[in-house]
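Below is one structure; the comments refer to it alone.
The values are calculated or read from the model by the stated rules, or taken from the named source; none is laboratory data. For clarity, every value in this text was computed on a predicted model and none was experimentally measured. Don't worry about glycine lacking a Cβ; one is built from the backbone with ideal geometry, like all the others, and counts go over all protein chains shown.
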Amino acid sequence: MKRSKPNILPDLEFTRDLPSLVAWAREEEIDMEDKYFKDLTLTSIDFSYLSFRGSVFENCELTDCHFEKADCRDLRFQSCNLSNSDFTDGYFNRCEFNFCKMIGVDFHQAQLENLGFSSSNFQYANFSKAKLKALEISQCDFSYASVSECKLTQLKLDGINFEATSFFKTPLKGLDFTTCQIDGLRVSIEALNGAVVSAYQAAELAKLLGLIVR
């Protein structure tokens with residue numbers, strides 16, 4: 001699997017007043033592109049239906065914000081806090097989330113393609129009914145998250161905490177969990193068909209069948 005990475009220009013326009021830019025983009029019906037946002041602290045801002053292109057968010061606090069149906073392409077979020085923000089029905093392509101706090105975010109029915117998640121916290125996140133394609137996820141915490149009724153294609157996992165994560169009605173064929181923590185994984189036996197696990201993990205998953213492994 002080869003993920004397409006963000007296409008971001010080396011020299012971006014540094015922008016301090018994001019709310020004014022949002023209002024202007026909404027009024028003029030234009031994309032927000034080639035911007036650099038840093039050290040912003042905003043809560044409950046409405047970014048719904050807006051389009052972001054080729055931009056970087058660094059060390060920003062954007063909690064409880066609304067990104068419903070937002071169109072986001074070629075973005076990098078670096079050391080940001082987006083906890084409890086709503087990305088329902090959003091579209092994300094060639095984006096990266098590095099060292100971010102994403103607790104309780106909602107990606108319900110979102111389309112995520114060519115994304116990189118690295119060293120980020122997605123505890124209690126909701127990805128139900130989302131489409132995930134060509135994702136690289138490394139050293140992230142997805143404990144107690146919901147990845148239910150999802151379509152997963154070409155996912156690469158490395159060192160993920162899936163403790164008590166729900167994969168209800170999500171086929172896991174071909175997904176390699178061998179470097180991941182899957183204690184208390186919530187999944188049906190049918191969905192596990194074709195998943196790649198270690199011998200130890202297989203013994204733990206056997207408990208779903210009511211087996212006692214000695």
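The set of residues in the range 158-185 being of a type in the set (S, T, N, Q) and assigned to a strand (DSSP E or B) consists of N161, S166, Q181.
Screening the range 182-214 for residues that are basic (K, R) and farther than 19 Å from T170 by Cβ and picking the one that is modelled with the lowest pLDDT gives R214. If you go through the range 134-157, how many residues are buried (at least 17 other Cβ atoms within 10 Å of the Cβ), polar (S, T, N, Q) and part of a loop (DSSP other than H, G, I, E, B)? Residues flagged as buried (at least 17 other Cβ atoms within 10 Å of the Cβ), polar (S, T, N, Q) and part of a loop (DSSP other than H, G, I, E, B) within the range 134-157 amount to 2. The single condition among (1) touching a residue at least 60 places away in the same chain (Cβ under 8 Å); (2) touching a Ser or Thr at 6+ places or on another chain (Cβ under 8 Å) that T63 does not meet is (1). Just so you know, in the range 186-206 the residues that are small (G, A, S) and not in a helix (DSSP H, G or I) include one that is surrounded by the fewest Cβ atoms within 10 Å (Cβ to Cβ), and it is G194.
If I filter the range 158-172 for residues that are within 11 Å of the chain's Cα centre (by Cα), buried (at least 21 other Cβ atoms within 10 Å of the Cβ) and closer than 24 Å to P6 by Cβ, do I get at least one hit? No, the range 158-172 contains no residue that is within 11 Å of the chain's Cα centre (by Cα), buried (at least 21 other Cβ atoms within 10 Å of the Cβ) and closer than 24 Å to P6 by Cβ.
Can you find a residue in the range 121-132 that is within 12 Å of the chain's Cα centre (by Cα) and over 21 Å from F167 (Cα atoms)? Checked against the condition, which is being within 12 Å of the chain's Cα centre (by Cα) and over 21 Å from F167 (Cα atoms), the range 121-132 yields no hits at all.
So, C95, is that one in contact (Cβ under 8 Å) with a residue 12 or more places away in the chain and closer than 28 Å to S148 by Cβ or not? When the stated conditions are applied, C95 passes them.
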